[in-house]
Amino acid sequence: MSRLSADDSHEPSIPARYGVALLASALALLMTWLFQPFMERNLFLWFFAAIVISTSYGGLGPGLLVTLIASLSIGYIFIAPFSLFEGGSETLLRLGVFALVALLISSLIAGRRRSAMFTQAQSEQLHVTLSSIGDAVIATDVHGRVTLINTVAESLTGWNSADALGQDIANIFRIVNEETRQVVESPVERALREGAVVGLANHTLLIARDGAERPIDDSGAPIRDRQGAITGVVLVFRDITARMQAEDTLARYQLLSEHARDIMLFIGQDGRVVEANRAAVAAYGYDRDALLGKTIYDLRDPASAPAIDAQMEQADSSGILFETVHRRADGTLFPVEVSAIGALIDRRRVLISIIRDISVRRRIEAAQAQLAAIVQSTDDAIIGKTLEGTIISWNAAAERIYGYSAEEAIGRSIQMLAPPDRSDDIPQILERIKHGERIARLETTRMRKDGTLVPVSLTISPILDANGTITAASTIARDISERKQAADRSAHLQTIATALSEALTPAQVADVVITQCITAIGAQAGSIALLSEDGDTLEVVGASGYPVHVLNSWRRFSLSQAIPLAEAVRSKTMILIELPAALAERYPQLGQPAVPEHHAWAAIPLLVEGRVSGALGLSFGQAREFSIDERAFLLTLASQCAQALERARLYEAERQARERAEAAVRLRDQFLSIAAHELKTPLTSLLGYAQLFQRRTLRAGSLGEADQRALGVIVAQASRLNRMVAALLDIARIESGQLNIQRAPLDLCELARRVVEEAREQAEEHPLEITCQPEQLLIEGDDLRLEQVLQNLIQNAIKYSPPGAPVSVRVELQGAHASVAVVDRGIGIPEAARVRLFQRFYRAPNVDERQISGMGIGLFVVKEIVMLHDGTVEVESVEGQGSTFTIRLPLMPSDK
Ligand code: ADP
């Protein structure tokens with residue numbers, strides 16, 4: 001506070017003050033001179049007036065100046081005009097008294113003057129103070145009439161001082177209770193009544209002249225005079241709108257900060273916690289006082305401490321948002337997000353830190369990240385879509401399977417994946433999802449971005465929000481091409497196996513394998529090369545898809561060639577080349593591939609029981625990888641191929657052998673046929689003449705007994721030879737389809753009896769018996785041929801039985817057939833031989849060729865003749881015990 005002094009204001013300048021003194025002195029001198037005759041001894045009179053004026057105006061200095069001038073001039077001019085000190089002691093005394101009185105007057109006046117000036121300055125300063133202080137001030141007299149109103153009070157009440165002065169304070173200072181709106185008693189009245197300082201109740205509103213209302217805070221104090229009597233009241237009040245707002249705001253902030261879930265800390269520049277909210281107390285586990293004693297260094301994970309200073313600096317200068325780790329009282333750590341900024345609070349620089357525990361967020365983020373990682377890394381497409389079918393999420397596998405990137409797909413309709421012939425599919429699925437249905441493993445087809453189709457297995461589920469409302473759908477799509485392909489391939493292998501079983505030549509096998517391979521595995525060309533017998537060369541036995549010039553130059557090539565096919569044979573392992581660069585690397589000397597369009601190759605050795613017979617080669621139009629399934633498929637195929645080729649080779653060998661055998665048989669038949677024809681004529685005449693000669697000599701008795709016996713042997717052997725030739729001729733006829741029968745009605749019983757009778761004559765040592773049941777069995781047949789049949793069976797029964805063994809012939813009626821069974825107790829026929837018994841030239845292995853002669857023709861001819869009669873022939877036998885041959889012939893129809 002500055003000290004008030006008389007010099008502070010309104011003090012005339014020094015020249016003015018002393019000028020006035022000189023002027024007053026001059027005037028006094030003039031007046032003294034004019035009135036000298038009347039003044040006698042009171043010469044100083046005018047000068048007293050000048051001293052009073054000068055001192056009043058200019059203070060003590062000018063007063064003394066006038067006193068000096070007066071003393072000199074009066075003494076010199078008027079009392080002793082030529083010699084001041086000649087006037088004697090009286091003159092000096094007068095002058096001395098004058099000076100003393102003048103001094104007294106001057107100092108009295110100067111003192112008054114100073115005091116007046118001080119008062120004025122004080123009043124002015126008061127006035128200035130009142131008008132410049134922030135509070136409104138109104139003063140009244142003892143009757144409550146306004147005597148002073150400062151500018152702030154003017155603006156708050158709406159009354160200017162001109163209007164307000166002299167007004168009753170009640171008109172100007174109108175106050176009501178904020179809540180009740182009751183008029184509140186004026187503090188002026190109370191101050192006057194109680195004679196003490198009074199304050200206002202809270203919640204007081206001042207109503208201004210224009211009706212505006214403001215909350216105010218005020219006090220009234222009585223003004224007392226020196227004697228202590230009340231002379232008025234001074235009212236001091238202020239608009240507290242802003243303060244109330246500030247208080248409200250502060251209260252709100254306190255409320256907020258206390259109820260906030262986030263931790264709020266005020267941190268001093270030394271890092272000390274100066275304020276903390278309830279959340280902070282809860283989060284760190286210190287009680288409030290302990291927390292206020294901590295520093296931010298105590299609350300942080302020590303590992304992150306080095307960063308603190310820089311972060312505090314940045315927070316203070318521009319604010320900062322960062323994530324870090326905080327530490328609780330028990331030493332456990334938790335991740336937080338910190339937002340901090342510097343502020344001036346209570347004239348102190350602090351950091352306001354809002355700290356959020358993000359453990360849960362971190363966990364959710366981690367879970368989400370894990371989920372996202374799973375979604376992104378799975379092989380299944382995972383697609384989110386709205387119930388209207390708009391795609392809202394699209395993972396990496398979806399991108400791989402369908403060819404659209406996430407940016408391309410999200411926002412578009414899922415309908416874009418529907419193949420044209422399945423456009424109804426998706427709306428129907430969405431409809432089912434809307435009804436809460438889940439669709440599992442629906443196998444269908446979808447269309448890729450490039451228009452190709454992909455077989456997929458779909459699982460579609462509704463997505464529910466927190467209220468359980470279906471808001472979207474999630475599709476998991478699995479690309480089942482591989483599975484389909486595998487299924488296709490196994491179907492192909494089946495087809496191939498079937499086709500191969502019918503392929504008889506290596507060329508046919510090659511054709512089947514290559515064709516199937518091309519379709520099953522998507523090859524562009526294929527070939528099969530077989531190893532030559534000497535094992536040095538490979539020869540292409542079948543190829544498809546290669547240009548002619550390539551085929552021509554590779555028809556035969558050395559096993560030492562550096563190409564996959566030859567290497568597969570040499571190494572007996574499958575060679576897979578997945579791209580041209582790999583081919584060039586493996587076979588540098590090969591140069592360009594034979595067909596530039598081919599970009600991948602496979603060569604698989606053909607192995608049967610570890611033996612390599614060749615290789616299957618395939619060429620592909622695109623660089624490719626061979627899946628495990630495909631490798632397995634190729635190996636299986638090659639193995640099937642190798643086996644089929646082996647079969648074809650064996651079949652070929654067997655065919656050739658058979659052909660050779662058949663040619664030999666044909667040759668033999670030809671020879672026998674020719675021989676029989678050629679033998680027949682001379683033999684017939686030889687036998688004829690021999691028999692004639694026998695009869696004649698027998699009648700004439702011209703030959704001796706020995707000769708006659710010799711002649712008998714000639715006839716018998718010639719007859720036998722004749723029968724053999726006849727049999728051979730029968731075979732020749734049967735072979736050429738010229739064996740005919742002449743049907744005529746005949747009695748089978750009679751025929752059988754005749755043949756048995758003839759046989760008895762020739763085989764006396766074998767008891768031969770015949771039964772016929774009934775006595776007569778009529779059939780239609782060739783008498784001679786059927787006789788030949790019965791002769792043959794009976795001859796065999798005799799021939800293959802030991803001497804003395806009986807042979808019986810049974811003729812019977814069996815339904816619509818007549819049967820003849822020839823039963824012997826001979827050597828029997830091994831079971832294995834029975835099926836071939838009726839083949840020509842076949843003889844059972846139990847026959848001792850040296851003991852029992854025969855050509856294996858008889859039963860063959862028997863069968864042919866019986867068949868020509870629409871009959872059957874059967875054999876039953878037990879080896880070593882005997883055989884039964886039975887023929888059955890249809891009876892003659894009764895109407896004939
Ligand atoms: P062949 O008697 O001239 O050998 P066949 O055609 O008459 O020719 O007979 C064929 C074969 O049938 C005989 O070689 C013999 O092995 C067997 N066979 C035929 N009849 C009998 C039989 N009654 N007992 C045992 N084996 C017989």
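Within the stretch 816-843, residues that are charged (D, E, K, R) and open to solvent by less than 30 Å² (accessible area, probe 1.4 Å) have Cβ atoms under 6 Å from residues that are assigned to a loop (DSSP other than H, G, I, E, B) and more than 6 Å from the ligand (Cβ to nearest atom) in these pairs: ASP824/SER801, counting only partners at least 6 apart in sequence or on another chain.
For the stretch 560-584, enumerate the residues that are part of a loop (DSSP other than H, G, I, E, B) and buried (at least 19 other Cβ atoms within 10 Å of the Cβ). Within the stretch 560-584, just ILE563 meets the criteria. If we keep just the residues of the stretch 765-779 that are closer than 24 Å to PRO802 by Cα and assigned to a strand (DSSP E or B), which is most open to solvent (accessible area, probe 1.4 Å)? So the residue we want is GLU769.
Can you tell me which residue in the stretch 238-273 is farthest from MET312 (Cα to Cα), limited to those that are assigned to a helix (DSSP H, G or I) and basic (Lys, Arg)? Result: ARG243. Filtering the stretch 409-426 to residues that are in contact with a Gly (Cβ under 7 Å, 6 or more places away or on another chain) and part of a helix (DSSP H, G or I) leaves ILE414, GLN415, ILE426.
Which condition number in (1) farther than 22 Å from ILE741 by Cβ; (2) out of contact with any strand residue (DSSP E or B) (no Cβ under 9 Å at 6 or more places or on another chain); (3) within 12 Å of the ligand (Cβ to nearest atom) is the one that PHE860 fails? Only one criterion is unmet by PHE860, namely (1).
Residue-wise test of (1) within 10 Å of the ligand (Cβ to nearest atom); (2) in a strand (DSSP E or B); (3) under 16 Å from SER801 (Cβ atoms).
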{"position": "ALA821", "(1), (2), (3)": "no, yes, yes"}
{"position": "ILE827", "(1), (2), (3)": "yes, no, yes"}
{"position": "TYR842", "(1), (2), (3)": "yes, no, no"}
{"position": "ASN846", "(1), (2), (3)": "yes, no, yes"}
{"position": "ARG850", "(1), (2), (3)": "no, no, no"}
{"position": "ILE865", "(1), (2), (3)": "no, no, no"}
{"position": "ASP870", "(1), (2), (3)": "no, no, no"}
{"position": "VAL873", "(1), (2), (3)": "no, yes, no"}
{"position": "THR886", "(1), (2), (3)": "no, yes, no"}
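Among the residues of the stretch 170-216, those identified as closer than 18 Å to GLY232 by Cα and among the polar types (S, T, N, Q) are ASN171, SER186.
Please indicate, with yes or no, whether at least one residue in the stretch 863-876 is open to solvent by 60 Å² or more (accessible area, probe 1.4 Å) and either under 19 Å from LEU672 (Cβ atoms) or under 60 Å from the mean Cα position of the chain (by Cα) (or both). The answer is yes; a qualifying residue exists.
Among the strands (runs of 3 or more DSSP E) confined wholly to the stretch 438-491, which include 2 or more residues that are exposed (fewer than 15 other Cβ atoms within 10 Å of the Cβ) and under 22 Å from the mean Cα position of the chain (by Cα)? Step through it out loud before you land on a result.
Values: elements: 439-447, 453-464, 470-479.
Counting at least 2 such residues, we get 439-447, 453-464.
When residues in the stretch 464-506 are screened for being farther than 30 Å from ARG400 by Cα and of a type in the set (Asp, Glu), 1 of them pass. Within the stretch 608-620, the presence of at least one residue that is among the basic types (Lys, Arg) and out of contact with any Leu (no Cβ under 9 Å at 6 or more places or on another chain) is confirmed.
Among the residues of the stretch 780-809, those identified as outside any helix (DSSP H, G or I), over 18 Å from GLN881 (Cβ atoms) and more than 15 Å from the ligand (Cβ to nearest atom) are GLU780, GLY781, ASP782. Taking each residue of the stretch 285-302 that is farther than 14 Å from GLU275 by Cβ and looking for partners that are open to solvent by less than 60 Å² (accessible area, probe 1.4 Å) and part of a strand (DSSP E or B) with beta-carbon atoms closer than 8 Å, six or more apart or interchain, yields ARG300/THR324; ARG300/VAL325; ARG300/HIS326; ASP301/THR324; ASP301/VAL325; ASP301/HIS326. Among the residues of the stretch 829-840, none is identified as more than 12 Å from the ligand (Cβ to nearest atom) and more than 16 Å from GLU879 (Cα to Cα). Only helices (runs of 4 or more DSSP H) whose full extent lies in the stretch 274-384 are considered here, and the ones with at least 3 residues that are more than 39 Å from the chain's Cα centre (by Cα) are 278-284, 288-292, 296-299, 308-318.
Counting the residues of the stretch 259-280 that are under 22 Å from SER359 (Cβ atoms) and open to solvent by 40 Å² or more (accessible area, probe 1.4 Å) gives 4. All of GLU812, GLU750, GLU758, GLU765 fail the test of being among the acidic types (Asp, Glu) and in contact with a helix residue (DSSP H, G or I) (Cβ under 8 Å, 6 or more places away or on another chain), apart from GLU758.
Go through the stretch 521-555 and give me each residue that's open to solvent by 20 Å² or more (accessible area, probe 1.4 Å), out of contact with any Gly (no Cβ under 8 Å at 6 or more places or on another chain) and among the hydrophobic types (A, V, I, L, M, F, W, C). Within the stretch 521-555, VAL540, VAL548, LEU551, TRP554 qualify. When ALA600 is tested against the conditions (1) open to solvent by 30 Å² or more (accessible area, probe 1.4 Å); (2) touching an Asp or Glu at 6+ places or on another chain (Cβ under 6 Å), the lone failure is (1).
The values are calculated or read from the model by the stated rules, or taken from the named source; none is laboratory data. Just so you know, these numbers come straight off a predicted model, no measurement behind them. We place every Cβ from the backbone using ideal geometry, glycine too, and count neighbours over all the protein chains shown. Just so you know, the surface numbers come from the protein's heavy atoms only, side chains and all, with ligands and any DNA or RNA stripped out. Shrake-Rupley method; radii C 1.70, N 1.55, O 1.52, S 1.80 Å.
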